[in-house]
Structure formats: C-alpha cells, structure tokens
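What follows is a set of notes on a single structure, which appears directly below.
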Amino acid sequence: MTYLEGKRQKKEANEESGAAAAAGERERRGMEGFPVEVIGNILSHVVNAKDVVRASATCRKWRVALRHHLHTLRYNSLDCWPAYRNSRTEELEVLLTDTILQTSGLQDLHISNKAKFSSAAVIAWLLHTRESLRLLTYKVPTSKPYVNVLERCGRMRCLESLDLGNTDVRLTADPTAPRFPCLLSLTLSEVNVSALDLHLLLLACQKLKSFSLHSAVITSPDPELTLNLTSSSLKSFVLDDTSLDHMILETDILENLHLRYSTFTTFQLVSKGFRLQTLRINDVTINRQLLITSIATADLEVLEVSRSCSNVWGMIDCLLAHSSSKLRKLRLWGIPSASSSWDHLYPDIIASLFPCINDLGLSYEVMNLRVYPDESLTTSVFEKLAYLELGSDTLDDIFLSWMGAILGRCPNLRRLVVHDRTNEAKSHGYSALKGEYITNFVKIVRQYPQVDIKFDNV
C-alpha cells in the first residue's frame, strides 16, 4: 500500500466516524435541534390550549417558542378530551390567562366555551393582545359585570377578522368614534343587538368585506322590525336563521348574497351599480316582496335556490330571464307546482339561456314534469354540463322519462346524482314499486357508461 492510499483511507475513516458521531448527537438531542421558530409553528397547530401548555413544559427551548413564536392559540370545550371538560371554569381561566400573558406576538386567538368567564380575565386577554391580534373568535358568555367585547375589539390596530357569539352587541354613545381600522371580516352568532347598533356598526367598519349574521336576536323600538344596512366596501353578506319585518341592504360592490332559514315581510337589495356574482336563497319565506333588480344579477355566475316560498320563485324566474350567459352553476331545489307558469324554470329554457353552465341541480315538487313548456319546440343541449343533480318526491315513470330527456341533452356529462326523497311507508307494495323503479332507472343510465352515477335515498 502506497503512502497516498493509506492517507486517503485514513481520511475516509475519519469522515465516517465524524458522520456517525453527528448522527448519534442528533438522535440524542432529538427535537432540541429544531429551530425555535419551527417549534413555535408546531405549537400553533395544536388544537387545545391545555396541550400547548403541556408541550411547552418539555424543555427550555419549547418554553421560549411559546413566549416568542406562538402565533395561534385555541380552546374549544367541545373539542377537549373528557378529562379536560370536567375542569372548573376558574381553572380554565387561570390556564388561559397564564398562557396568553406569556406570549408576545399572538395573532390568532380562538376561545369557545359554554360556561361563563369572568370580565377581568377577558379584559386581560384583550389588552395583552391588542397590538398583535389579527384573528379573534370569541364565543363565550361573560359574567357580570358585563364586558363589551365588541367595543374593546374596535380599538385593536391589526384585527382583520372577528367572530363573536353568545353575547350582547352594543356601541358607545358616540357613533363617530374611530374603530376597527383594519377589520375585513365580521361574524355575529347568537347575539342580542339592536337594529340601530347594527346599522352604525357597518358604517364604522369602513374596510369591511364580509359580514355574516347567524341566529341573531334583533330589537327595535318600532312595532315593525326594520333592519337597514349600508356599506360602501361590503362584498359578501350572509344572513342565517333570522326573522325581520323589513330588510334593506345598500351596498356599492356586493358580490355574494346568501339568505338562509329566514323570514321577511319584504327584502330589498339596493343596487348602486354593483353586479352580484353569487346568489343563494335557502329555506326563505318572504310574505310580501323580494326586490332584487335585474341590473344587480346581470353578471351572476352562481345561483342556488331551495325550499323557499312562491314569492321567491316568482322573482327567480324574472331574474333568470335577465341574467347573463355567464351563469355556470344553477341549483333550483323544491320548485313548487305553481312553476308551471314560470317558463324560465324549465331545463330546455335554461340550456338555451346559459350555454356556459357546467353544474346543474333540479328538483320539483309533485307536478307534471316537463323539460320544455311546449314539447313540440326544438330542444337545446347542455354542451358544457359536467355535474347534474336531480331530485324527486315520487317513484314513477314520469320522473324517469324526464330524467332521460335531460340526460339526452348532456353529451359531456361526467357525474349524475339522483336524490329520492319519497316519504312513503316501507310496505310490501312500496318495496315492489321501489324494485321496479330501480330496474327502469338502471335501464336508462346504462345508456351513459361514461357517467359516474350515484343514487341517494334521503
């Protein structure tokens, strides 16, 4: 062996020994070798605050990550382990207070609890995070003396998203006081609020893009409850499980409107040049008038209506007549029998008016199903339709022939979902009828092997 070969072998042996020693050191140190920023990110993805506290007690480095690099903290009593749910409210307050006050840059705080927290603890949390918090979800009743969480959040400089629930919403006597300088999204759930305070709140949030109101108790000194909301920046509005006499929504750039499980005497959407892109109306009762101008829906891309009153369906028929050809998703579920006088709710009319539609859902109540109001006219084709959803209240050949006629107009269909919503008793006669129905159904869908078929009995 030459001198150079021996030197090379010795060098390789030293490198292998060094690599083995480094691997052993990394294995010995474990997660101690992780950067503290990475540990902080790991802690931020832990679901429950109690688990964050336990994990941060692992070593000094994890405690440093908790103090300086934890950006998200969550506590939800419904997500806790059974042992955590039995903890007293006072113990939870101490744990959350100790954890929050240790952090220096908390950006996302989510607290949801059925039991009441003390006002002192809530004030301490909000004061400590007022300079860094960007997202806040707070759904906790507050014990007396009452703390106005909304008012204190209005002073936070960086807050962009606020989800508030199980509380009273009140504003100060000075409606012109500056508040919510950066708020983009606001959700109020199960709150008590006056119609005037809601009106003033939206005026105060000058950058607000999205507003959702769920199961709210709205009060007014007037005998008829009228809610008037005005915003120049609002793009999305969701109203859920709320009853009002009169609702007036005035916006400049609204793009998304969703009404669900609500009752109105009148609903009016005041257009200031904007054009809706998405309109969803689900389980809504309007006793007198639904007023949405055709200008506001001229650029609709998504329209969903289900299980609503006849006043709503009459307005939807008018909107379809004036909507643009941009519509790509249409779902009309539970169309009442009175639709025989509303021509634009028929599939053939829909196909001719909206050539770009690629997602269609149709469900009629018991009626004489037809694809076109005049079957002798030339049929239209859904050239771009890829997803089709159909519903039925009856098990008969009328529905099957109607379904087959629609399938024949969909040359590029990829998926079909059929919902059977019959409520007949499961007798022997029903079982026989069901078997015959399924047999005829299979005969029709076998003609379309390229289509993925799903049959739901709901």
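Between Cys318 and Glu151, the modelled labels are 4.4 nm apart [label points 7 Å from Cα along Cα→Cβ].
If R0 is 51 Å, the Cβ-Cβ spacing of Lys454 and Ala55 corresponds to a FRET efficiency of close to 0.75.
With R₀ set to 25 Å, the beta-carbon distance separating Leu200 from Val238 gives a calculated FRET efficiency near 0.80.
Once the gyration tensor of the Cα atoms in region 148-223 is diagonalised, the equivalent ellipsoid follows with semi-axes of 19, 14, 11 Å, ordered largest first.
If the chain linking His68 and Ala386 were pulled fully straight, counting 0.36 nm for each residue of separation and taking away their Cα-Cα distance, it would gain 109.5 nm. Distance between the pseudo-spin-label points of Gln102 and Ser401 (7 Å out from Cα toward the beta carbon): 7.3 nm.
What FRET efficiency would be calculated for the residue pair Val417, Ser210, taking the C-beta separation as r and a Förster radius of 41 Å, to the nearest 0.05? Each step should come with its number before you reach the end.
Numbers: r = 30 Å, r/R0 = 0.72.
Taking R0 as 41 Å, the efficiency between Val417 and Ser210 is 0.85.
The Rg/Rh ratio of region 169-276, with Rg taken over Cα atoms and Rh as the Kirkwood radius over Cα pairs, comes to 0.93. Points 7 angstrom from Cα along the Cβ direction at Arg260 and Ile438: gap in nanometres? Placing both labels 7 Å beyond Cα along the Cβ direction yields 3.3 nm.
Values quoted throughout were computed directly from the atomic coordinates according to the rules given, and no laboratory measurement underlies them. Computed from a prediction, not measured in an experiment: that's the story for all the values here. Cβ: placed from backbone, ideal geometry, glycine included. Neighbour counts: every protein chain shown.
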